[in-house]
1. Grab the helices (runs of 4 or more DSSP H) fully contained in the stretch 252-292, keeping just those with 3 or more residues being at pLDDT below 80, within 15 Å of Gly23 (Cα to Cα) and over 10 Å from the mean Cα position of the chain (by Cα).
2. Between Val33, Val45, which is farther than 25 Å from Gly281 by Cβ and in contact with a Pro (Cβ under 9 Å, 6 or more places away or on another chain)?
3. Starting from residues that are among the aliphatic types (A, V, I, L, M) and over 17 Å from the mean Cα position of the chain (by Cα), keep the ones in the stretch 92-121 and report whichever is surrounded by the fewest Cβ atoms within 10 Å (Cβ to Cβ).
4. Take Thr53 and decide whether it is modelled with pLDDT of 90 or more and either crowded, with 23+ Cβ neighbours inside 10 Å or hydroxyl-bearing (Ser, Thr, Tyr) (or both).
5. Which ones in the stretch 201-219 are aliphatic (A, V, I, L, M) and within 12 Å of Ile112 (Cα to Cα)?
6. Restricting the first residue to the stretch 323-337 and requiring it to be more than 14 Å from Pro114 (Cα to Cα), which pairs with a second residue that is surrounded by fewer than 21 Cβ atoms within 10 Å (Cβ to Cβ) and among the basic types (Lys, Arg) meet a Cβ separation below 6 Å and a spacing of at least six or different chains?
Amino acid sequence: MGCCSDFLQRAKPYVAMISLQFGYAGMNIISKVSLNHGMSHYVLVVYRHAFATLSIAPFALYFERNVWPRITFSIFVQIFVLGLLGPVIDQNFYYAGLKFTSPTFSCAMSNILPAMTFVMAVICRMEKVDLKKIRCQAKVVGTLVTVAGAMLMTLYKGPIMEMVWTKHVQPHRSSVPETTDSSDKDWLKGSIFLVIATLAWAALFVLQAVTLKQYSAQLSLTTLICFMGTLQAIAVTLVMEHKPSVWKIGWDMNLLAAAYAGIVTSSIAYYVQGLVMQSRGPVFASAFSPLMMIIVAIMDSFILAEKIYLGGVLGAVLIVVGLYSVLWGKYKENKDIKESKVMALPLAITCSEGNGHNMDLENEDRRERKPMA
């Protein structure tokens, strides 16, 4: 039972981050359908984080009402920037890029997230790089291989891979734009938007890990980020959208996209990734993002009968190899830290006992040498 409990405890961060990737994959497909139906991505961001705030706030009030840390000016600024990075910059640019490209391509571009997060973490001295150690080499090489796999999926198609479940299914019209000048410009524009969104996402990971050390109430922090992001997104939408009709939403795909994205990929995702980052760091949390692209590609193949190319399969293999390399490096790093702490504890106890023993011997010598009255 002890071994089983220990295994489940170690597996929790992995299961949590893998589950989040399934949630992100569903968000990509649902949001793409909503954007294709004409919904403004600015309005989608507002509704998304409004749903997120309403869904997570009751839990924060119930579970953390007695442990709220004091909000200093420094923490307020960090929360303000987190709301700007995540809900406003990241989501708006990501939805704009998704609108001009496709779900699979958007996920492929976002796979540079681990590399960006790793570089930012090194710059902020949250990650140490000692290339003489194998675990550091594994993290660096794994990051490069992951990015190479994502780029391979993006730049190389190759022949079509015939899947068993798509042989007798009539494929839908591909979401990849036609090779015209205007569509190529839109595709390039969407790619740039996705790179900006990924940069903001990486900065969010790093800053959130820093903020959690000062403001440890995770549910409350998630609520404040979503609420601050909602206010900022409303201001941006009022500037960018001047028609009142864009705010209209009914019982349709637009409502589903906003509710799903808000509850699953904002409130739950921010909270879960915060828990994981507290124990494993921002690089570990971001290392799972390549799985989202593979999941989206498979879901596209099943649901929309999208074509799968050889380049996508080869890129997915590279991504998995790179992912396991990064995770192995993080696992070895955490193991070395734990072993060093365990070795330091008996050494401290031994030194303490040794000092006490020496003091006792000195006292005995003094008593023996004391002259008799």
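1. Numbers: elements: 253-262, 269-280, 282-286.
Filter on the stretch 252-292 gives an empty set.
2. Values: Val33 fails: in contact with a Pro (Cβ under 9 Å, 6 or more places away or on another chain).
The conditions single out Val45.
3. First, the residues of the stretch 92-121 that are among the aliphatic types (A, V, I, L, M): 96, 98, 108-109, 112-113, 115-116, 119-121.
From what is left, the residues that are over 17 Å from the mean Cα position of the chain (by Cα) are 96, 98.
Working: Ala96: 20, Leu98: 26.
The qualifying residue surrounded by the fewest Cβ atoms within 10 Å (Cβ to Cβ) is Ala96.
4. Working: modelled with pLDDT of 90 or more: yes; either crowded, with 23+ Cβ neighbours inside 10 Å or hydroxyl-bearing (Ser, Thr, Tyr) (or both): yes.
The answer is yes for Thr53.
5. Taking the stretch 201-219 as the starting set, the residues that turn out to be aliphatic (A, V, I, L, M) are 202-204, 206-207, 209-210, 212, 217, 219.
Scanning the stretch 201-219 gives a single hit, Ala202.
6. Lys332/Arg135; Glu333/Arg135
The values are calculated or read from the model by the stated rules, or taken from the named source; none is laboratory data. The structure presented is a predicted model; accordingly, all values stated were derived computationally and were not measured. Note that we place each Cβ from the backbone using ideal geometry, even for glycine, and neighbour counts take in every protein chain shown.
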